[in-house]
Amino acid sequence: MRRILPDRLPRRARGFNLIELVISIVVTGIVVAGLAYFVFPVRQAADIAARADLTDIADTALQRIGRDVRLALPNSVRTTASSGAVFVEFLAVRTAGRYRGEGGGAAGGTNCPNDDPSLAPPDNDQLSFDSVADSCFKTIGPLPDANTVVAGNDYLVLNNYGPGFSGQDAYSPGPPANRALISAIDYTSEVNRSRVAFAATTFQRTLHDSPGRRFFIISGPVSYVCDPVLGSITRYWGYPIAAAQPTTFGAGSSAVIATKVSACDFDYAPNIAPQIGLLTLRLTLSAPTSSGVAETVSLYHAIHVNNVP
């Protein structure tokens, strides 16, 4: 009788042996190490670039504000806050010079009109005060950047002491005003002086006669608005002069000079020293990094303001 062999047992599924397991661990370690070696530095470089970008935006904005404020009319810087935003405003100086306190005599250019009948025509080249509504004077020396003055837009300002000084605040148009609208500038007829014509104004000697006979020509107000809600700093210009500092700007022009703003503060001290003010700016910018954590950069900038009228 033939012998019957039992069915073969099914072959068991073959697993990892020790050598294969060790090889898998080694390969996995090499891959992880490669990722750590190449990916992490790339992410770090991206984060450093993001931090540098924030720093550059903040520094450029602060330097821009500082450069503008250093050209502000003395005693015209003011700050306020509204709805979480902070504002700094000033009157931007176009040019400045010294006016004649006495007549300069006949010259190659046109003499000023005979506004003061008590003076001979050449002597009307001086700036008159008190009872005379003057409309013209000539400068001591040529007027710098006279070609940039915009007649019908820019203002002549004398002896500005700012808010709180009646008749010596260029923001206030009420009499006795210390500003007048420029009507014409003649800087080509004479080599050593320029002729400044303005809307007829009666200046008061006790209020408006500068000890250094200085005058300023301003182009108008400029405001910087830092709004953390919008995440931006915006520059406004070309809007009307107002006695109260504005927080909205319906007219004029604007330009965003910084984004990614998360916090800011503007503070102005008008008298840290005799006729010297100090504007301090604190600015914080934030942006997400590759790891998902927000990168934050904070900068501080202090600006000394010359307030000699």
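Data for the structure
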| item | result |
| --- | --- |
| Of residues in region 65-118 being without any contact (Cβ under 8 Å) to a residue 12 or more places away in the chain and in a loop (DSSP other than H, G, I, E, B), the one most open to solvent (accessible area, probe 1.4 Å) | PRO117 |
| In region 119-154, residue surrounded by the most Cβ atoms within 10 Å (Cβ to Cβ) [restricted to those that are farther than 30 Å from VAL222 by Cβ and acidic (Asp, Glu)] | ASP125 |
| Looking only at region 192-217, and only at residues there that are free of Cβ contacts under 8 Å to residues at least 60 places away in the same chain and over 12 Å from THR139 (Cβ atoms), the one that is surrounded by the most Cβ atoms within 10 Å (Cβ to Cβ) | LEU207 |
| Selection from region 69-103 of residues that are at pLDDT 95 or above, in contact with a Lys or Arg (Cβ under 9 Å, 6 or more places away or on another chain) and of a type in the set (D, E, K, R) | GLU89, ARG98 |
| Identity of the residue in region 229-259, within 18 Å of PRO163 (Cα to Cα) and small (Gly, Ala, Ser), that ends up surrounded by the most Cβ atoms within 10 Å (Cβ to Cβ) | ALA242 |
| Some residue of region 260-277 being among the polar types (S, T, N, Q) and either open to solvent by less than 40 Å² (accessible area, probe 1.4 Å) or closer than 20 Å to ASN159 by Cα (or both) | yes |
| ALA200 vs. criteria assigned to a strand (DSSP E or B) and modelled with pLDDT under 95 | yes |
| Unique residue being closer than 17 Å to PRO74 by Cβ, open to solvent by 20 Å² or more (accessible area, probe 1.4 Å) and part of a loop (DSSP other than H, G, I, E, B) when the list is PRO163, PRO176 | PRO163 |
| When residues of region 278-309 are limited to those that are open to solvent by less than 40 Å² (accessible area, probe 1.4 Å) and among the polar types (S, T, N, Q), the one farthest from PHE90 (Cα to Cα) | THR289 |
| Region 104-135: number of residues that are at positive phi and modelled with pLDDT of 85 or more | 1 |
| Filter result for VAL157 (closer than 21 Å to TRP237 by Cβ and buried (at least 21 other Cβ atoms within 10 Å of the Cβ)) | yes |
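The values are calculated or read from the model by the stated rules, or taken from the named source; none is laboratory data. Since the structure is predicted, the reported quantities are computational estimates derived from the model, not experimental observations. So basically every Cβ, Gly included, is an ideal-geometry build from the backbone, and we count neighbours across all protein chains shown. To get the accessible areas, we keep the full protein, side chains included, count just its heavy atoms, and leave off ligands, DNA and RNA. Shrake-Rupley method; radii C 1.70, N 1.55, O 1.52, S 1.80 Å.
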